[in-house]
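Working notes for the structure below.
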4 protein chains.
Amino acid sequence: MDNLEIASMKASDINHVLRHIYETLIENQDGALADYIPELAKVDPDSFGISIATNNGKLFSIGDVETTFTIQSISKAINYCIALELLGKKAVLERVGVEPSGDRFNAIEFDPRTLRPYNPMVNAGAITIAALLYDHLGSEAYEYILDRFSLAAGRQLKLDEGVYRSELSTGHRNRAIGHLLLSTQAIEEPVDAALDLYFRQCSISVSATDLAVIGATLANLGQNPVTGKQVFDMTAVRNTLSVMFTCGMYDYSGNWAHDVGLPAKSGVGGGILGIVNRQLGIGTFSPRLDFNGNSVRGIASFKILSDEFGLHTFDPTNRGSGLVAHFFDH
Amino acid sequence: MDNLEIASMKASDINHVLRHIYETLIENQDGALADYIPELAKVDPDSFGISIATNNGKLFSIGDVETTFTIQSISKAINYCIALELLGKKAVLERVGVEPSGDRFNAIEFDPRTLRPYNPMVNAGAITIAALLYDHLGSEAYEYILDRFSLAAGRQLKLDEGVYRSELSTGHRNRAIGHLLLSTQAIEEPVDAALDLYFRQCSISVSATDLAVIGATLANLGQNPVTGKQVFDMTAVRNTLSVMFTCGMYDYSGNWAHDVGLPAKSGVGGGILGIVNRQLGIGTFSPRLDFNGNSVRGIASFKILSDEFGLHTFDPTNRGSGLVAHFFDH
Amino acid sequence: MDNLEIASMKASDINHVLRHIYETLIENQDGALADYIPELAKVDPDSFGISIATNNGKLFSIGDVETTFTIQSISKAINYCIALELLGKKAVLERVGVEPSGDRFNAIEFDPRTLRPYNPMVNAGAITIAALLYDHLGSEAYEYILDRFSLAAGRQLKLDEGVYRSELSTGHRNRAIGHLLLSTQAIEEPVDAALDLYFRQCSISVSATDLAVIGATLANLGQNPVTGKQVFDMTAVRNTLSVMFTCGMYDYSGNWAHDVGLPAKSGVGGGILGIVNRQLGIGTFSPRLDFNGNSVRGIASFKILSDEFGLHTFDPTNRGSGLVAHFFDH
Amino acid sequence: MDNLEIASMKASDINHVLRHIYETLIENQDGALADYIPELAKVDPDSFGISIATNNGKLFSIGDVETTFTIQSISKAINYCIALELLGKKAVLERVGVEPSGDRFNAIEFDPRTLRPYNPMVNAGAITIAALLYDHLGSEAYEYILDRFSLAAGRQLKLDEGVYRSELSTGHRNRAIGHLLLSTQAIEEPVDAALDLYFRQCSISVSATDLAVIGATLANLGQNPVTGKQVFDMTAVRNTLSVMFTCGMYDYSGNWAHDVGLPAKSGVGGGILGIVNRQLGIGTFSPRLDFNGNSVRGIASFKILSDEFGLHTFDPTNRGSGLVAHFFDH
């Protein structure tokens, strides 16, 4: 498909592009389900949905966009945003860096210069954020963050109990990271409570449409464009999008920044959340993962969307910066 | 100083901001000159200049903006852009990755998954790019890239012979990297010619104003806004800016993306080149470096500029996206 | 002092050498007490004792040889020996390697080829051994190993409750290692019981003389030369001495093998246990540690003893192999 | 086969054991030829020979013990011994450590505490030794070390020109290591001369019997027991055997120390040199290598020999210490 002439497009054209992507990629069965816990392998591997929410509250979607799955690592980005707001950037950055690491997401390595986790998108950093939130919010921490996630999605989200129980009983590596964080004083006791919060945040059930609306909320100065409610602090959003851009897609983050060029975060549940600043939130769901732990069809969907609509942050024509919103909004 | 009310600003205000930055930072003598080769330690440590070029060719500057220094690692970004254009993205990415590494710029580590250098901003990646350019251009390679650098700067640049000779005779670590790249077949013989090109590209003399104009050329669809000449391929620019954003500031890249939020590249000669896409090129020069090898005053200058004018790529209000150019242009 | 003419020496000469070592080194106040737990910093930093036990049960000693301190990592060697005996070499080596690692003793790295701890002398390997022993012996495990340690020392040893409680409450890094071992299935639950055994084994109180007698037991085919009781399996002793030789002195192991040339194990409590196969056990105690965690005066004492009596395993004249025992025995 | 009753054995029994080993292992075709240079893959993969030289000059052997092959890394041990003698331990240890590394033999990592190569058995350390020897001996260096190797073998050895040329033209990784050593000032120019010496020393042709006699020379206070000539300095031998014990068998060194328990060095040409201090030199040749780069049949041969004759350095009964020599000598 040639690049679209965007200026003359209509909403019907958007749906046409989404259909094209869906039909092209539904055949692609590459990748495998995450199976480190049995619960994750229970999803329908063929599920596939793409949802787009504009910053004036319109939705475009195709496929299994209401099917729920666990949010997993996508929660790391949202919690980082909440932590910046509640604790301030200075307090957060004393405990977690913002440098890409070059290591696997579950690496048990800290930045040797600071003994802090490299960034809040690797497990060590996300567990540190969970510990900071627990320290600040106490035993209400999980309810609090679930409320914020729900506000961003525009509907009441809930825990996938099966996945949560499974993570709780098998998350030995994350427990190891928690105790290591204690040993370097990056976090404080009670480590079990911090880990419980982390396991819970990862086990929240969402749909592709939820991700799209959460993304649109981040794209829209932190205000949910569907409900009109203010959810996130604007300054915290800026820093969150930066970290998503540099570190959001595991060991593929640099390639993603290079080729897709959008702040995004993936989870091993099969979801990807992407943001076109001030314009769109995009959510995809397809549970087969590549070697890096990213959804195969999700990445392919974003690549086409970015190319078709000029969404790349450093697109030289900046096609996406004004035209897209205009286009999606009519 | 409070954030400026941009809509009502005039060019005189820009000069006011530049003066404010200059006067604030001229007192800062933190950091130390690069001294791994004696030639680099010969510069005046107190030099300090900031230059801004708009994408319609206007210049704003303060301080030592005509003082020349060696471009050093900033050349890596420009050569990556040229290589993408000449050889195509596919051929380049077969030899060099685009992932941040978490390692020092002169690390002798390759991505264990691919045995390729992590990205073109670390020495191993830049030497690979030099080898690809030499392989493509032959013995004219240096003249060719010097011409392209000169076109981007809008004036004829030249080699700092003293620094070049010094690099040539002492660059043992880079020679080691070159031979290691041969051993993994990331590059091919003649390795000495590739290294010579690399040492030359790093020894090109530029001023802060040259960097600003080169930046404006990258910001302006690859066309030099002062001379009107087309210098870089648009698509190559997009990918170059992405890599600068994620990997351009050595081990500080993530922090830079987080706090300044602009594609940029620093060099141990004391320069920093930053880009506000479609709007501005910014060049700073101050030779005292921090632990990461970045200019101390350069980083501080960019932080203030980014905050004052809302230049951060993920600024939620996107203040910078339209207002700045408008403002700088009047 | 020139090398002694051993053939003509008498026991009085041994005492003369010990006195010489003691007087030379008592002035040396280099190093610092281990202080990662407050209890360890409570010892008298000036304590210094050297004890030698021959394989026919004679003792030579000087200084604070009855002062007790916690055995710490020296317990790793003894427990490895016990595990080999109880479980067999095959079962043990399936879980722990025997390769030197080049990493710090408390490194959180496993051998990348096997995902097993590098060797039983690093914490990860020792915790694995503790888990294997707990798995085999159940809740009686600690009593069992305390009995074996006591048999080797020839007197009833006991726990230093203060140090044990302190380790228990602050051993976050070791807990991290325990959970990581669970995650790679190097060990099985209950990890807390294995860690408790590990913390207890490290907190057993011993004196320099205890170490000397334990060493003589290992040197004497596993039979305590003072009590005449058989304590260790001969074949297990052989493998234990090998691992002590290659990995026993933390990151100084290679230098120790090179310069002292004896199987040995040190602990951060300030003890060093050394063995001259079939001849002697040597115990030293002095709590000031060097950067590697080894007793400063302990290392210096062993260097002089090795040089004076030709104890180096690869001494070309093999002076030590027959003469020493002869000499010490008269 | 049960362990032999050594006291009653005769030389005919030795030959019986060698025949047993040969017949058992000749069927084993596991492993693969080294093929990083084409020349190395030209040997007959089925070759197999074992040779034993006693420290009073007797030889016992079976199989292809006169077939020649390149000495490769075994030369590292001999050159370390020569360097200690010529330059003194202090000067050598300023440039090369003696710690096992846990890394591959061709790793491009230095000890982070010292920036020196970990030990003289990894390539970086061996190239440093070659540079020290070149610095000391000048352009005669190769002739000098060839003479020393020949004296130790008891016959004039010579270069395998084909292998040497092949190493010279393809040794990019070793060249990289050489330049890296320059950059850390572990060595000085001319690096090409040092590398040439290193490539030559590795390309010296030897047989299994040569290795046995070299080994017996090391075992016999540095005196060749066949020719009666003094070849190595006794003190240097002690330290060389120590490093062979801890670092001689690549990444299998710890396992070798544990199970075989002899100072040894292997080469990718298929040879293994082992030493029973003051008693025997043992040379094996079989070119199929395991994953670690060690001869498969060579390791198996040494395991049987060590078990049968109690040669393990830490054999508790010390069976090997006196009986073997006695036995082999009658």
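The values are calculated or read from the model by the stated rules, or taken from the named source; none is laboratory data. None of these values were measured; they are calculated from a predicted model. All Cβ positions, glycine included, derive from the backbone under ideal geometry; neighbour counts span all protein chains shown.
Would you point out the residue of segment D:130-185, among those that are within 14 Å of another protein chain (Cβ to nearest Cβ) and of a type in the set (Lys, Arg), that is surrounded by the most Cβ atoms within 10 Å (Cβ to Cβ)?
If we take residues in segment D:130-185 being within 14 Å of another protein chain (Cβ to nearest Cβ) and of a type in the set (Lys, Arg), then D:Arg175 is surrounded by the most Cβ atoms within 10 Å (Cβ to Cβ).
For every residue, the table says whether it meets (1) in contact with a Cys (Cβ under 7 Å, 6 or more places away or on another chain); (2) more than 25 Å from A:Pro100 (Cα to Cα); (3) in contact (Cβ under 8 Å) with a residue 40 or more places away in the chain; (4) not acidic (Asp, Glu).
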site	(1), (2), (3), (4)
A:Ile127	no, no, yes, yes
A:Leu146	no, yes, yes, yes
A:Leu159	no, yes, yes, yes
A:Gly171	no, no, no, yes
A:Ala176	no, no, yes, yes
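Search segment C:207-221 for residues being assigned to a loop (DSSP other than H, G, I, E, B) and buried (at least 22 other Cβ atoms within 10 Å of the Cβ), and hand back the single one that is modelled with the highest pLDDT.
My answer is C:Ser207.
Can you name every residue in segment B:57-104 that is within 14 Å of another protein chain (Cβ to nearest Cβ), in contact with a His (Cβ under 6 Å, 6 or more places away or on another chain) and in a helix (DSSP H, G or I)?
None; the set is empty.
Confirm whether B:Ala34 is part of a loop (DSSP other than H, G, I, E, B) and surrounded by 14 or more Cβ atoms within 10 Å (Cβ to Cβ).
So B:Ala34 passes the test.
Which condition does B:Ala212 not pass, out of (1) facing chain A (nearest Cβ under 10 Å); (2) under 12 Å from the mean Cα position of the chain (by Cα), if it passes all the others?
For B:Ala212, the failing item is (1).
Which number in (1) polar (S, T, N, Q); (2) touching a Cys at 6+ places or on another chain (Cβ under 9 Å); (3) assigned to a loop (DSSP other than H, G, I, E, B) marks the one condition that B:Gln185 misses?
Unmet for B:Gln185, out of (1) polar (S, T, N, Q); (2) touching a Cys at 6+ places or on another chain (Cβ under 9 Å); (3) assigned to a loop (DSSP other than H, G, I, E, B): (2).
Answer yes if at least one residue in segment B:199-207 is within 11 Å of another protein chain (Cβ to nearest Cβ), in contact with a Ser or Thr (Cβ under 8 Å, 6 or more places away or on another chain) and not small (Gly, Ala, Ser), and no otherwise.
Scanning segment B:199-207, I find no residue that is within 11 Å of another protein chain (Cβ to nearest Cβ), in contact with a Ser or Thr (Cβ under 8 Å, 6 or more places away or on another chain) and not small (Gly, Ala, Ser), so the answer is no.
It is to be established whether one or more residues within segment C:191-200 are crowded, with 24+ Cβ neighbours inside 10 Å and either of a type in the set (Lys, Arg) or closer than 23 Å to D:Thr313 by Cβ (or both).
There is no residue in segment C:191-200 that is crowded, with 24+ Cβ neighbours inside 10 Å and either of a type in the set (Lys, Arg) or closer than 23 Å to D:Thr313 by Cβ (or both).
For segment A:68-76, does any single residue satisfy the condition of being buried (at least 24 other Cβ atoms within 10 Å of the Cβ), touching a Gly at 6+ places or on another chain (Cβ under 6 Å), touching a residue at least 24 places away in the same chain (Cβ under 8 Å) and of a type in the set (Phe, Trp, Tyr)?
Yes, segment A:68-76 contains a residue that is buried (at least 24 other Cβ atoms within 10 Å of the Cβ), touching a Gly at 6+ places or on another chain (Cβ under 6 Å), touching a residue at least 24 places away in the same chain (Cβ under 8 Å) and of a type in the set (Phe, Trp, Tyr).
Which condition from (1) in a helix (DSSP H, G or I); (2) away from chain B (no Cβ under 13 Å); (3) modelled with pLDDT under 95 is the one that A:Ser301 breaks?
(3)
Which residue out of C:Arg95, C:Arg113 is touching a residue at least 40 places away in the same chain (Cβ under 8 Å) and either more than 18 Å from C:Glu167 (Cβ to Cβ) or assigned by TED's automatic domain parsing to the domain that holds C:Gly254 (or both)?
C:Arg95
Within segment B:136-148, can one find any residue that is part of a loop (DSSP other than H, G, I, E, B) and either modelled with pLDDT of 95 or more or β-branched (Val, Ile, Thr) (or both)?
There is no residue in segment B:136-148 that is part of a loop (DSSP other than H, G, I, E, B) and either modelled with pLDDT of 95 or more or β-branched (Val, Ile, Thr) (or both).
Among the residues of segment D:11-25, are any assigned by TED's automatic domain parsing to the domain that holds D:Ala216, closer than 17 Å to D:Ser295 by Cα and small (Gly, Ala, Ser)?
no
Note down all Cβ pairs under 6 Å where the first residue falls in segment A:227-250 and is more than 12 Å from A:Ile214 (Cα to Cα), the second is among the β-branched types (Val, Ile, Thr), and they're at least six residues apart or on different chains.
A:Val243/A:Val98; A:Thr246/B:Thr246
Of the residues D:Ile108, D:Ile82, D:Ile78, which single one is under 24 Å from D:Gly49 (Cβ atoms) and assigned by TED's automatic domain parsing to the domain that holds D:Leu181?
Selected residue: D:Ile78, the only one of D:Ile108, D:Ile82, D:Ile78 that is under 24 Å from D:Gly49 (Cβ atoms) and assigned by TED's automatic domain parsing to the domain that holds D:Leu181.
Looking at the structure I just gave you, is A:Ala236 in contact with a Gly (Cβ under 8 Å, 6 or more places away or on another chain), under 22 Å from A:Glu99 (Cβ atoms) and surrounded by fewer than 24 Cβ atoms within 10 Å (Cβ to Cβ)?
yes
In segment A:192-200, is there at least one residue being outside any helix (DSSP H, G or I), closer than 20 Å to A:Gly125 by Cα and at pLDDT 95 or above?
No, segment A:192-200 contains no residue that is outside any helix (DSSP H, G or I), closer than 20 Å to A:Gly125 by Cα and at pLDDT 95 or above.
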